[in-house]
């Protein structure tokens, strides 16, 4: 994926500016241009408030304009960042009325996602711009207490530098990068390695409770040059960390871009527990894009709040003064991010919910959407095409549609090889989100197919050999895209790093799919914490597994197994595909010298070109 810097994930949403009418216990959803008779369910019960309460976001990936397609489950996540700002404002008021503390935390990955934050938009419209610089201005308007850096903030040095110089400076010690540094020039023009944000934060809440907070990143290997990620194991041995945990606070607040299960939170947790066996510990993780909860002991809780502003996490705890070893009273909840949820939990109506600040945020984001041309319509999708709700292959599968129809059609518009029998092989990971019935815009194109790759081919491959490549690729699996040490000797470091990024992103997707058995019209979440975590009940939808690699229909060669065909693939999987081709046949040894460019059309352009032909 040489043309795709650091494996960015692009997931882009559209927005409606329509209002919502109140109708007893339910509200109609907002759509881009009209009222809709479909209804959103209200939450099942009020939130449980405690002495300390926390609203958590994670893996927002720039999805600040909400999910505004009419097909479910998208309407469940239709709230904009402006709506969220209004929700936060009202919840702060409620916390004061209840005389309790309310904290706001974010666990990272602001970059590489929807709408104005996306680099592809800047490549098209503002060459030389920095990813998410404009959309982060709206993120800054939420009064977060603690934010942690994510791996997507480290893919491109310019992005990391912007977070260091602008974002971290705005939050004044609240943006934490406990184990992440950036190399910059100091006042004497000497290069120095410094934290991107701050190592930790100690602060006192409105109610006078002392909090010690850290912002920890997973052990990450895909960061750009001049950024460094220290392992969690080494971080806890640093003198600054040992000093920071020496004094006992009322609460330890651990916020970080790291899965709460089967990762390294226990290392940080145990380091604190060795010094403070009973101090309450609140952990907020992320990275796997799932809703999850567990308790490492009775005086702690760990929460992951999902992805893409689909969900807000809620945690509350009643404190007991810290002199007890008894379990604390925790609660947690996963809140669908929409106006129904927001109004219900703030006891507001259509007339009393909106705030001037929230409206300004939404209007500003809409202006960015217009400026970047994201509303440009290529055509009208005739149905929903989903990643996992329809089996592959099937008519409802986006993977089937892309590899059998969209890519072949788009490539045929601009290639000298049209009419020559061919087989196309791509990674299923090239598609990152569903396509929904209705207007198909530039936003939707970049959402569903974000990566910027080139289509290359090897000519005159025997049909029988070409047909063996896909099964062997899937037998080996996408993990093999992360090459071993011996294999990287001839590769550029940049490409090697991109493969490590790709491998990690595939792990994120697999972690999400492991929980997709719980995917519903909203979500139905099974976690390890007591009680029911879902705020709003939903009805289930199916979820099917998908292979790592997919292929177009086999060409008609009249039954001749030796017939020469073009073997087409994206440049990112070039190394693995050539190795595989050399494994399934021995009559010829292929190399990179045998590859050629099939078409100037790039992978993130395919769906738009196809829609103009097929969906108009």
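The values are calculated or read from the model by the stated rules, or taken from the named source; none is laboratory data. Source: prediction; values computed, not measured. FYI the Cβ positions are ideal-geometry reconstructions off the backbone, even for glycines, and counts take in every protein chain you see.
All conditions but one from (1) without any contact (Cβ under 8 Å) to a residue 24 or more places away in the chain; (2) within 30 Å of residue 583 (Cβ to Cβ) apply to residue 396; the one that does not is (2). Within the range 578-592, does at least one residue satisfy the condition of being under 33 Å from the mean Cα position of the chain (by Cα), closer than 30 Å to residue 379 by Cβ and crowded, with 16+ Cβ neighbours inside 10 Å? No, the conditions are met nowhere in the range 578-592.
Let's see how each residue does on (1) within 33 Å of the chain's Cα centre (by Cα); (2) under 21 Å from residue 417 (Cα atoms):
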{"site": "548", "(1), (2)": "yes, no"}
{"site": "560", "(1), (2)": "no, yes"}
{"site": "567", "(1), (2)": "yes, yes"}
{"site": "570", "(1), (2)": "yes, yes"}
{"site": "574", "(1), (2)": "yes, yes"}
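If only residues of the range 515-537 that are in a strand (DSSP E or B) and modelled with pLDDT under 90 are counted, the one that is farthest from residue 293 (Cα to Cα) is 520. Evaluated against (1) modelled with pLDDT of 95 or more; (2) crowded, with 24+ Cβ neighbours inside 10 Å; (3) assigned by TED's automatic domain parsing to the domain that holds residue 529, residue 443 falls short on exactly one condition, (1).
From the list 416, 412, exactly one residue is assigned by TED's automatic domain parsing to the domain that holds residue 457, free of Cβ contacts under 8 Å to residues at least 60 places away in the same chain and surrounded by 15 or more Cβ atoms within 10 Å (Cβ to Cβ). Which is it? Don't jump to the end; show me each part of the working.
Numbers: 416 fails: surrounded by 15 or more Cβ atoms within 10 Å (Cβ to Cβ).
Exactly one residue qualifies, and that residue is 412.
Only one residue in 177, 135, 198 is buried (at least 24 other Cβ atoms within 10 Å of the Cβ), modelled with pLDDT of 95 or more, over 20 Å from residue 451 (Cα atoms) and in contact with a helix residue (DSSP H, G or I) (Cβ under 9 Å, 6 or more places away or on another chain). Which one? Steps first, answer last, please.
On the way: 135 fails: modelled with pLDDT of 95 or more; 198 fails: buried (at least 24 other Cβ atoms within 10 Å of the Cβ).
Sole residue among the options that is buried (at least 24 other Cβ atoms within 10 Å of the Cβ), modelled with pLDDT of 95 or more, over 20 Å from residue 451 (Cα atoms) and in contact with a helix residue (DSSP H, G or I) (Cβ under 9 Å, 6 or more places away or on another chain): 177.
At least 1 residues being not assigned by TED's automatic domain parsing to the domain that holds residue 340 is the threshold, and among the helices (runs of 4 or more DSSP H) wholly inside the range 213-327 not one reaches it. Residues that are within 25 Å of residue 400 (Cα to Cα) and at pLDDT below 95 do not occur anywhere in the range 583-600. Looking at the range 538-555, which of its residues are at pLDDT 95 or above and either assigned to a loop (DSSP other than H, G, I, E, B) or out of contact with any helix residue (DSSP H, G or I) (no Cβ under 7 Å at 6 or more places or on another chain) (or both)? Selection gives 552, 553, 554, 555. Within the range 234-279, being over 26 Å from residue 151 (Cβ atoms) and either in contact (Cβ under 8 Å) with a residue 60 or more places away in the chain or crowded, with 24+ Cβ neighbours inside 10 Å (or both) holds for 248, 250, 251. Yes or no: residue 336 buried (at least 23 other Cβ atoms within 10 Å of the Cβ) and either within 28 Å of residue 95 (Cβ to Cβ) or touching a helix residue (DSSP H, G or I) at 6+ places or on another chain (Cβ under 6 Å) (or both)? Criteria met by residue 336. Within the bounds of the range 341-348, is there any residue that is surrounded by fewer than 18 Cβ atoms within 10 Å (Cβ to Cβ), modelled with pLDDT of 95 or more and on the phi > 0 side of the Ramachandran plot? Yes; the residues of the range 341-348 include at least one that is surrounded by fewer than 18 Cβ atoms within 10 Å (Cβ to Cβ), modelled with pLDDT of 95 or more and on the phi > 0 side of the Ramachandran plot.
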